Every structure is written in C-alpha cells, then in structure tokens.
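Please treat every number below as a calculation from the coordinates, not as lab data. Remember, predicted model here, so these are calculated numbers, not experimental data. Cβ atoms come from the backbone with ideal geometry, glycine included; neighbour counts cover every protein chain shown.
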Amino acid sequence: MRNDLSADQQRTLFARMLLMRRFDEAVLDMEDDHGSFGRSVASIGNEGPIAALSLLTRPTDLLCSTHRNHGHVTAMGADPMRSFAEILGRADGLTGGKAGTLHLCAPDKGFLSTSAMVGGANALAVGAAFAQQRKKAGGIAVSLLGDGTLDEGITYECLNLASLLSLPVLFLCENNAKAGERPSSMLAAKALLDVPRALSLPTLSVDGADAEAIYLALVDIVDRVRKGTPYFVECRLERWPGMRNHASRAQLRHTDISLGWDRAAIGGPHAAWLTDSDPVLKLAERLVERRVMTADALLALDRETMARLRDDRARAEASPFPAPGAALEHVFG
Amino acid sequence: MAMITYAEAFIDGIHSVLSTDPLLSLIGRDILGGGVATREIERKLLRDFPDRIIDPPTSEQAIAGLGIGAAMAGVPMFIHFGTGSFSLEAFNQLVNEAGVARYMTNGQLKVPATFHMFHGVRGGGAAQHSLSPQSMYANAAGLEVVLPSTPHDVKGLIRTALRNANPTIFINHTRILDVVGEVPADDYDIPFGRGDVKRRGRDVTVVAFSRMVHRALEAAAVLAKEGIEVEVVDPRTAVPLDEESICASVEKTGRLVTVEESIQSCSVGSEIASMVAEKAFRSLKAPIVRLARKPVPVPYSPPLEDFITPLTADIVAAVKKAVA
C-alpha cells in the first residue's frame, strides 16, 4: 500500500480542488448577478472525495451524482463553460439547458443521469455496476451519495442488492450531517456505517477534508471494487458555513488560499472551519511545507484558474438560449 | 405458423431477443404469474439463459433503479414487477428517472428498459392485486405504454420493447395467458403506435385493449345476430397512440364506444374519447359512450368483482346505447 502521493499527484489533486472551489464561487457570484433561477447547491468544502477518486478512475468507470453535483462534474473534466451555460439555461449547456444546476451531467466523462431524488443516484449506481459486471471489463460504478440518502428506503434496498449480487459499486458518501442546525440526515443508528455493515458491506471512515488520506484509502478499495467487492466509504465532512445564511456566505465567499500557509492570519467567525475543515487550504499548507509548490506558484495557479473561469463564464453568458422548439426534443428515440 | 398460447408467444418473443442480444438481462421471478402451467413455459428461458435471469429480493424501487441504471450503461433490461399494483412501489423510479433521463441529458443517455406487469381483475385479487395503472403511466411524459391482446401481437410487441431504446411499460393480463392464436415462427417486430382492427364492422367502433378486446369480440358476435356490426379497434399501445386508425374507424361508423378495466376518471379510454371528439367530431352521429370499471377499489367476492367490471353484456348494452 502506497503511503504518500507523488509530487505530480499532489499538484493534480490540488489543481482539481482549486478549480472546483473557484468554479462554485464563480457560480454563486454569477447567480447574484443574474438573479438566480436555478438555486445552485454548492460543493464548497466537499472537494476532497471526488478529487481523490478522480486520480483512480478509468474512462470506462461510471459515476452517479446528486443535486450537489458541481464539484463532481468539474473534477472529472467537464468543461466549466458548458457547466456555467447549463446553469444559465443556455443552448451550449452540458445538456442544452434541459436539466439545469441540480442535474449537471457529463456523460462523456462517465456520468449517468444526475438525479435530485434523494437516493436516486444509489439505484442508478447499482444499475451501472450491474452493467459493468455483465460487460466483464473491470469497470466500476460509483455512487456519490450524501448522508441524507440514508433516510430513504431505496438506499437500504440498494445496499442490500449490491451486497447480494457482489456488484462492483463504490458508495462514496459525503457525510456532512450536523446536529444542532437542521441536520441533513436523522438516523437511529449509532453510526452511519452501522447500516452498510448490517448488510455485510465492507466499510471505511475517513477524514473528508483530507484529500490525500481519501486517495490513499481508495487506492486499495477501488481495486477491490473492480474485483467484485462492493464497498461503502464514509468521508466525514463539516458543512461549509456559507450554506447557512447570507452573512456567512458573504464572510466566506472567496477563498484566500494564502491562509493555507499563513495560518496565523486565519480569523473571523469561521476560523475553526477554515483551519480544520477546508480541504483546499489543508492541501495548500502541505504543498508549501513540503516544497512541492511554492506559495508564489500556488498564487499564480490560482490567478490562472480564476482568469480561465472568468473567460468561461463570459462565453457562457454569450451563449444563446435554446430555441423554444428544443423543448420538444429528446423524449423518445 | 403455429397455434400457441399468449404465454408461449410472450416467452418466445423474449427468448428470441435473448438469443441475439448477448447483454439483455432479466430481473424478476415468475414473470408469467407463477401458476404451475406457466412455470413450465417459462422454464425454457431458465434452461437456455440461466445466467441472464436474476431472482431478486422484494425491492421494487431498487430493482427498477437497477434496471434503469444498467440500461443507461448499455445493458438492455427487462424488469418484472408482478402485478401493476406493486409497480407503484417503483413509480418514482419510472416517472422521475426512466421517463426523464433522455430528455434531461438532451439525448446523450438512453434508457432501453422494459418494465413488465400484470393489470386488471384476475379473479379474487382484491384491491391490492387488481390495479390497471396504464393511464397513470400514460400521463407521465417519457414512458411508452403497451397492452397486447393476442399471441400474435404480444410476440411482436415484446420484441420491439426489448430492442428499442425507450423505457417501456409492458402490461399483460393473467386472464389472457391461455388464449390461443396463430403465431409465426420467425422473428418479427410490431411497431408501437400502430393499432390493429380485430374485427371489421360498419355500425359502431369499439376501442379496447388487452382482455377487453376479447370481451368486445364476444359482444360483437352477440350483436351481429341482431344485425349490428361492430368494428373492434385494438390500438395495442396507449403511448404512442394510433390516433389515425381510431379516427378512420369513427369516420366510417360515426359511433364510438371505449371499454377498459381501469376506472373512468382520466383513463386511456377517456383520452381516446376526447381525442376523437376533437379530431373526428363531425363524423360523430351520437354521443361517445365510455365503459370502465366502477370507481371503487376492486372487491374480492366474485359477484362484486363482476358488478364493477365491464362484462360482455355491458359492452353489448353500451353499443346499443351508441346506436339508439
């Protein structure tokens, strides 16, 4: 088992998470400017699991995402211009403006239909895994579920089926349930993993804010899934405080990546989240400490990323709305 | 050509596609309803394709979702629910996943899945085993809805369902599984949206699906003795619906009776009646007559079951009302 990532892997991991972060910040800005009609759900804070997974997937692997999909499609290589365009309902959107922000989907990057039905992605992933099993080519399916799906009956059926049929499916769970404010799941089990364990699935819990730790855990797990062992991995996450209310969102709107290596400068009401739970800052700190990248190089990458996204957004805004008749297309074929 | 039962023709149709599509997979047990005779017929599939048929736990939501996901990932699927009543456990999957995936992905993903169920009064099924859900599915965009009535039709229609790229709700009836008819031995497909005139007549058009086609034909035989010639039109698919054939028949006869096993409200028959009133109004010589189950859950006791279900005599009476 590998116990560290190569310098290249670390840089790739960081670049992907940074792209995801700046993309969602740009989406929130864009929605403010346009008067949002889609109500995006940001992936901010949840970058770690998908970024780690993206280093391990093959082109034939299949992924199923949820209403919290922006980070997933971005990490797997969807064109941000087309993501922006889809959120704006434009013809150049990933799916021609037919689905919108809660359903960003990039089939050419391995995504099945993005379902906003809580638990829906679990079922599609089980189906995708069944197909991979039939095709016998070593492909896997990944359900990019949230803890909320453990409130839905279909999830229990899916875990059971995956276990009974030995399907090559990885349940990669972003668990950001939080007692106190309204939790995203209410489970009568002592631990979320008690549920998949009860159905004989092997499980693992990792720190969801540590992208490297997730990657290292997934190296062996993905291999075992390929060989026909379904697995349930819980990534423990603290929800981004910007989800809570406008004030918090304003305070945390744009990440200052220098806080990664300039920890003393972290302050304000969300200092704890920034210090312990921001996966982008966590990895930035390590890259500088290890001299894998200098602070200047990180800042340059950040400027380049933001410039590219500004350009993507502008091109998306210039994309026309689809012709009204497009509403009648692609029902049957 | 052979004289075989509806059940045999259905299994032959499935068998023929399993033989040519190496990926098609089936999930469900007792796809012919579980009777001793039908298990024998079904055995042919298990014998020839044992690794293509999965016996699932009682988990309709996940089975439906698995079917949809697998189909989207390139493995065509046949999912069996048992009775139409149970399919409602998976209604969310069918309506909100299967029916919308191609549209939401702007044609980039498809759902070549067939969802099979039995509808209608089977005899003693009572309220939870006797649902006719066709209009519920017909009213959800993105789902094809098929209701065959004869051995010839079921073989061609199931082949089309299993080989096309759309999600298809395929609805059989346990009380017609032993109907015998002529079925070609070769492989043939019947396209959706193409109805069939099961009996030609000049006086009244009766539109029916599934088991009611047979009751309509019985009623036609009774009425012929009284000099009333009924034309029985079997659209075979509720979605897509063969509006042209139905309207052409009404333009000839001037009178329409719809008969079905669901209750009347918002039914497929009601849709057909509205469509004809809209598109063939000037051909109508009399008000449209609609016949359906009474709007109650289905009772268990046989005389009660008969009371709420359109019987041959009820169809005869409805036709007479149309010519009055």
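Got a sec to turn the phi values of segment B:209-215 into Karplus ³J(HN,Hα) couplings, 6.51 cos²θ - 1.76 cosθ + 1.60 with θ = phi - 60°, whole Hz, x for Gly and Pro?
With the stated coefficients, segment B:209-215 comes to 10, 6, 4, 5, 4, 5, 5 Hz.
Would you calculate the convex hull of the Cα atoms in segment A:220-283 and tell me its volume per residue in Å³?
Hull volume over Cα atoms, normalised by residue count, gives 114 Å³.
Binned at 5 Å from 0, what are the whole-percent values of the Cα-Cα distance distribution for segment B:106-221, short to long?
Calculated over all Cα pairs of segment B:106-221, the distribution is 2, 10, 19, 21, 21, 14, 9, 3, 1, 0, 0 percent.
How high is the relative contact order of segment A:12-116, in percent, counting Cα pairs under 8 Å that sit 6 or more residues apart?
That works out to 28 percent.
Can you tell me the relative contact order of chain A? Whole percent, Cα pairs under 8 Å, sequence separation 6 or more.
Across chain A, relative contact order equals 21 percent.
Among the DSSP beta bridges whose two residues both lie in the protein assembly as shown, what percent are antiparallel, rounded to the nearest 5?
15
Antiparallel as a % of all DSSP beta bridges within chain B, to the nearest 5?
Antiparallel: roughly 25 percent of the beta bridges in chain B.
Give the Rg/Rh ratio for segment A:172-228, taking Rg as the radius of gyration of the Cα atoms and Rh as the Kirkwood radius, to two decimals.
Expressed as Rg/Rh, it is 1.02.
How big is D for chain A, in µm² s⁻¹ as a whole number, if Stokes-Einstein is applied with the Kirkwood radius of its Cα pairs at 25 °C and 0.890 mPa s?
Rounded, D is 121 µm²/s.
To the nearest whole number, what is the average tally of beta carbon atoms from other chains within 10 Å of the beta carbons of peptide B:89-96?
Partner Cβ neighbours, averaged per residue: 3.
Return the subset of A:Lys190/A:Lys282; A:Lys136/A:Lys227; B:Lys44/B:Lys198; B:Lys225/B:Lys321; A:Lys135/A:Lys227 for which the Cα-Cα distance in this structure is over 19 Å, preserving the input order.
A:Lys190/A:Lys282; B:Lys44/B:Lys198
Suppose the Debye formula is applied to equal point scatterers at every Cα of chain B; what is log10 I(q)/I(0) at q = 0.08, 0.16 Å⁻¹?
After summing over all Cα pairs, the log10 values are -0.35, -1.37.
Averaged across B:124-133, how many Cβ atoms of other chains sit within 10 Å of each residue's Cβ atom?
Rounded to a whole number, the mean comes out at 0.
Which whole-number value in Å³ per residue fits the convex hull of the alpha carbons of segment B:215-324?
106
For the Cα atoms of chain B, what angle does the longest principal axis make with the long axis of helix B:6-20, in degrees from 0 to 90, nearest 10?
Approximately 40 degrees, to the nearest 10.
How large is the Kirkwood hydrodynamic radius of segment A:65-140, counting all unique pairs of alpha carbons, in Å?
Radius from the Kirkwood sum: 12.8 Å.
Of all trypsin sites (Lys or Arg not before Pro) in segment B:216-267, which ones are in loop regions per DSSP and have a Cβ with at most 16 other Cβ atoms within 10 Å?
Loop-located and lightly packed - B:Lys225.
Give, in whole angstrom and from largest to smallest, the semi-axes √(5λ) of the equivalent ellipsoid of segment A:164-204, with λ running over the eigenvalues of the Cα gyration tensor.
Listed largest to smallest, the semi-axes of segment A:164-204 are 24, 12, 7 Å.
Go from 0 up to the bin containing the longest alpha carbon distance in the protein assembly as shown, width 10 Å each, and give me the % of pairs per bin.
3, 15, 22, 21, 16, 11, 7, 3, 1, 0
Average projected area of the Cα convex hull of segment A:2-127, in nm²?
Dividing the Cα hull surface by four gives the mean projection, 8.1 nm².
If exposed means no more than 12 neighbouring beta carbons inside 10 Å and the site is in a DSSP loop, what's the longest run of chain A without any exposed trypsin sites (Lys or Arg not before Pro)?
Excluding the exposed sites themselves, the longest stretch runs over A:40-135.
Please compute the Kirkwood hydrodynamic radius over segment A:140-249, one decimal place, Å, based on all pairs of different Cα atoms.
This gives a value of 14.6 Å.
Quantify how strongly other chains surround peptide A:116-126 by giving the mean number of their Cβ atoms within 10 Å of each of its Cβ atoms.
6
Sort out the exposed loop chymotrypsin sites (Phe, Trp or Tyr not before Pro) in chain B (DSSP loop, at most 16 other Cβ within 10 Å) and tell me the longest stretch that has none.
Counting only loop sites that pass the neighbour cut-off, the longest clear stretch is B:1-187.
Averaging over all projection directions, find the projected area of the Cα convex hull of segment B:31-123 and quote it in nm² with one decimal place.
6.8
Viscosity 1.567 mPa s, temperature 4 °C: what is the translational diffusion coefficient of segment B:158-284 from Stokes-Einstein with a Kirkwood Rh over Cα pairs, rounded to a whole number of µm²/s?
My calculation gives 83 µm²/s for D.
Under the rule of at least 5 residues apart or a separate chain, name every residue whose amide H is placed under 5 Å from the amide H of B:Val239.
B:Val145
Ratio of Rg to Rh for segment A:18-77, alpha carbon only, Kirkwood?
1.02
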